[in-house]
1. By how many degrees, 0 to 90 and rounded to 10, does the Cα axis of helix 154-164 deviate from the longest principal axis of the chain?
2. Applying 1/(1 + (r/R0)^6) with R0 = 25 Å to the Cβ-Cβ distance of S75 and E133, what FRET efficiency is obtained, to the nearest 0.05?
3. At 222 nm, what value in deg cm²/dmol follows for the chain if DSSP H runs of at least 4 each add -39500 (n - 2.57) and the sum is divided by all its residues, to the nearest 500?
4. Between R43 and I83, 0.36 nm times their residue separation minus their Cα-Cα distance comes to what?
5. Just name one of V200, I89, H34: the one whose Cα is farthest towards the positive end of the charge dipole of the chain (beta-carbon charges, Lys/Arg +1, Asp/Glu -1).
6. Mind sorting out which of [x] 41, 19, 17; [y] 48, 17, 17; [z] 23, 21, 17 is the real semi-axes √(5λ) of the Cα gyration tensor in Å computed from the coordinates?
7. Return the aspartates and glutamates within reach of K84: Cα separation strictly under 16 angstrom, same-chain partners fewer than 8 residues apart disregarded; answer none if there are no such residues.
8. Are there trypsin sites (Lys or Arg not before Pro) in the range 74-131 that DSSP marks as loop and that have at most 13 other Cβ atoms within 10 Å, and which are they?
Amino acid sequence: MLIKDLMTLDPVHISPHRSVADAGEVMEEHRIRHLPVLDEDGRLLGLVTRSSLGTALPGMGGGLTRFEFNYLASSTSVNEVMIKEPMVIGEDEGVEEAARVMNVNQVSSLLVMREGKLVGIITDTDLFESLFELLGARRPGIRLTVHVPNRVGALAMVMTAIAQAGGFLTAAGGWYVKGAGGDVFGAVLRIENLSREQVVDAINQLPEITVADVRGEEIIHSEP
């Protein structure tokens, strides 16, 4: 899955001359946490986030009355509190690269650029959505977790066994099992058209393959 498949296109943005209070209202209205700052020509200048506003506003409001606090929020421009060098990424990168960049830099969003223009935004919430999609979490079916030897063809054996038993593989994901020194690979598979018992029976016939977990709702397709 690429970033362009997941990002929010043409994100809501704000002018640097608008007030901090305006930025907060725009976020509230659109139920968003990240607000790119663009100039009149559409050039990216910065980014305002809920957390950056939260950091700025308490500092301005210390020891002030509510009236004085509101006045400061209304008279302080976005330009004064925005993140001036926000993290950016290209739309043709994979979502895993977005996750890596966010994790390394401890940020919750990336602005997506095309030829110097802002075309989208991808957030940590979008990455959670991609996890749901990649693992088929919103679809019913059997969820099988297996541990397989980390060698060529081991996982293919599992998929072949499922297909030969009449199962439909609708989603898959994998990882290296912690503590196994890279020798064991874990895989989670979403399967339709088989019962739990049929899935386990099919896998148990395979050497060196361990069923770590099986759960979910059986979906059996009727014959056409």
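1. With rounding to tens, the tilt is 70 degrees.
2. Using R0 = 25 Å, I get an efficiency of 0.05.
3. Values: 9 runs with 83 residues, N = 224.
Mean residue ellipticity at 222 nm (helix-derived): -10500 deg cm²/dmol.
4. Numbers: separation 40, 0.36 × 40 = 14.40 nm, distance 1.46 nm.
Between R43 and I83, full extension yields an extra 12.9 nm.
5. V200
6. Checking each listed value against the structure points to [y].
7. Answer for K84, where 16 Å is the Cα cut-off: D39, listed by chain and number.
8. Values: sites: K84, R100, R114, K117; in loops: K84.
When the trypsin sites (Lys or Arg not before Pro) of the range 74-131 are filtered for loop state and at most 13 Cβ neighbours within 10 Å, K84 remain.
Read the figures in this text as sums done on the coordinates, not as results from a lab. Given the structure is predicted, the values throughout are model-derived calculations rather than measurements. FYI the Cβ positions are ideal-geometry reconstructions off the backbone, even for glycines, and counts take in every protein chain you see.
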